[in-house]
1. Do we have any residue at all in segment 209-224 that's open to solvent by 40 Å² or more (accessible area, probe 1.4 Å), within 20 Å of residue 268 (Cα to Cα) and modelled with pLDDT under 95?
2. If residue 33 passes every condition in (1) modelled with pLDDT of 95 or more; (2) within 15 Å of the ligand (Cβ to nearest atom) but one, which one does it miss?
3. Provide a single number: the residues in segment 10-30 that are closer than 17 Å to residue 461 by Cα and more than 7 Å from the ligand (Cβ to nearest atom).
4. For segment 98-110, indicate whether the set of residues that are among the basic types (Lys, Arg), free of Cβ contacts under 8 Å to residues at least 40 places away in the same chain and in the same structural domain as residue 26 (by TED's automatic domain parsing) is non-empty.
5. Considering only residues that are among the charged types (D, E, K, R) and either without any contact (Cβ under 8 Å) to a residue 24 or more places away in the chain or away from the ligand (no atom under 16 Å from the Cβ) (or both), which ones fall in segment 214-231?
6. Every residue in segment 381-415 that is surrounded by fewer than 19 Cβ atoms within 10 Å (Cβ to Cβ) and under 11 Å from residue 325 (Cβ atoms), please.
7. For segment 288-309, give me each residue that is surrounded by 12 or more Cβ atoms within 10 Å (Cβ to Cβ), charged (D, E, K, R) and either under 17 Å from the mean Cα position of the chain (by Cα) or within 13 Å of the ligand (Cβ to nearest atom) (or both).
8. Which residue, of 439, 420, 394, 432, is more than 30 Å from residue 184 (Cβ to Cβ) and touching a helix residue (DSSP H, G or I) at 6+ places or on another chain (Cβ under 7 Å)?
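The values are calculated or read from the model by the stated rules, or taken from the named source; none is laboratory data. Owing to the predicted nature of the structure, the values given are computational and were not obtained by experimental measurement. Note that each Cβ is placed from the backbone with ideal geometry, even for glycine, and that neighbours are counted across all protein chains shown. With ligands, DNA and RNA removed, areas are computed over all heavy atoms of the protein, side chains included. Shrake-Rupley method; radii C 1.70, N 1.55, O 1.52, S 1.80 Å.
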Amino acid sequence: MSAISYVTTPIYYVNGEPHIGHTYTTVVGDFLTRFRRLDGAEAYYLTGTDEHGEKIFQAARAAGLEPQAFVDRISERFRVAWRLLGIGHDDFIRTTEERHRAVVRQILQTVYDRGEIYYDEYEGLYCVGCERFMTEKELVDGQCSDHQRVPEKRREGNYFFRMENHRDWLRGHIQSHPGFIRPEGYRNEVLSLLSEPIGDLSISRPRERVPWGIGLPWDDAHVTYVWFDALINYVSALGFPQGGLFDRYWPAAEHLIGKDILKAHAVFWPTMLHAAGVPVYQHLNVGGYLMGPDGRKMSKSLGNQVEPFALAERYGADALRYYLLKDTVYGQDSSVGEKFLVDRYNADLANDLGNLLARARALINRHLDGTLPAPVQETADQPVIAAGEALAARVRPLVHDLRFSAALEEVMQYVRSLNRYFSDQEPWQLARDPARRERLGTVLYNVVEGLRVASVLLEPAMPEKCRQLRAGLGLPDATMAQITQWGGAPAGTRIPAEAPLLFPKAEMAAEAVPASSPAGSAAAAPRPGAEPASAPVPTATVPPVAEPASAPAGDEISIEEFGRVQLRVALVLAATRVPKADKLLQLTVDVGEGAQRTVVSGIAAHYAPEELVGRKVVLVANLKPARLRGILSAGMVLAAIGPDGTLKLVEIDPQLPPGSVVR
Ligand code: ME8
């Protein structure tokens, strides 16, 4: 593998909110970049927003805003979205930035000076959704199939790029570089497209019709066609043509796109580069489409949209990332939905991974003084050890071949083999026999080391959770080079006595995540009237930037009155049902007072007792004790009531120690 990696996503249009399709491509890019970086590569990851053109101009007008104010607002939503999902891009480019505009003008001038651009009158069918002229052949029943609308007939004076002149060269290049466009089906699609004339490309729009764009350097009455402008982001972000980033990363360029923009990336972009005398990219990786849970194209009218930020809020960003990578085959279309996510989460993350971690931690803390012992391996340990050592070697080529789901499945199979080892060796039995202490230590060491190995290979998919997994074992972060030798977890490591439950079992929400639901907190809920009714921008799906707080409702209390309520972080140590009481659970909690407290809580219809152990909740600690069904309850656990009456515990950052004051 090349030691340099430069991965890009499409720059997304800012005429609407970030959605699951954008999320998917951006998560794939983040995964690829993190994987390579862990594997020793010097990796650079670029994303951004596409902000010029007719479509954006129309959307700004409909929102009643100046184009710049409009694009500033939506572009920021994308930044916030990627922060929420743990995307670690190195740069975020916007086409309205001067650093980009200058490079677009420079490339246009070069191509113009080389005689590759001419002026002509043109009549054709234009789809504003695609922002391009369509050929009759591309239409289905006279409509653009991507946007389900009849393109407009347009006649206007445009500048044209002599794209057709580069067709033979491009065909030759694709034929002699098998990995240029992948997976292969898309390569064949492009070769077939290139087997007939592709014509020249209109690269300008009259400013009087589209005032929102980059003026042509030689004729300011025309602005640059949005695709010619947007594609250049991949080099302008690297500071083209000056050395530095461009020289380092461009030779390794690898674009990730969805199949909807194949032609622009596989035909327009390489011919543009060729005409400008710039080497072309290394790879074009084409992803399939995510469909609704019903297998149909997602649309507002069908109500089958999947809202990524509501899902991330409910199940965690890493769970969503993992699910998108694991349950799709890159390059092919896949159905996605909340139910599928919950099933995948419970099977792989809560059961296979989280459970094993919790069990190993509990045994080490209970029987080995919370210290990882040195192993003394036996023959029975060989399968797990040997498989661990070989794992990275199996996963690497799968990632290289864009088979992300298969790569993650390899790691999960290994986690399952660790689970089998754990149950075969029965460490809880070994713990009963003082003479078998060494054997107990070895089995638990191997499970911990195996979890460490898995955590490094899963980290590109779940960066935050994998770090937490290692923290729960007292282990530092590691690279792939540090897992190839068995035994990297140092004997003598102290295992923290407390750690949050990594993947508490998930239940499908009573109601599916509603379309256009806010990204979580009540503060992010769309406020009536916040957006002009006619705006094509859907209601907030990412928390709007700087929402003002809403006015207090109902009776007011003073800060002093509120101060009398003592709220404390409580760790649930045990939970049981209260006999003959459907609604009540008896909880044993640690509120950092030395002694434990008993609290009776009316949440039995909403939580199973075993789900609660290990969670940190908020307790009203100075509530007058009350006797419920004969049990003295010393405090009250806070929960929120959902619209349908379901109760959800108010949980708190698991890093906080029991007894922490909440105010
Ligand atoms: O096309 N499933 O921006 P865009 C999977 N600005 N991926 C999807 C998807 C779906 N249902 N819907 C969208 C543009 N995508 C241009 C790009 S690049 C120089 C300019 C993803 O906001 C997929 O990656 O319409 C697709 O290519 C991209 O979003 C289109 O985003």
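1. No, segment 209-224 contains no residue that is open to solvent by 40 Å² or more (accessible area, probe 1.4 Å), within 20 Å of residue 268 (Cα to Cα) and modelled with pLDDT under 95.
2. Only one criterion is unmet by residue 33, namely (2).
3. So the answer is 6.
4. So far as segment 98-110 goes, no, none of its residues is among the basic types (Lys, Arg), free of Cβ contacts under 8 Å to residues at least 40 places away in the same chain and in the same structural domain as residue 26 (by TED's automatic domain parsing).
5. Result: 219, 220.
6. The answer is 403, 405, 406, 409.
7. 297, 307
8. Answer to the check: 439.
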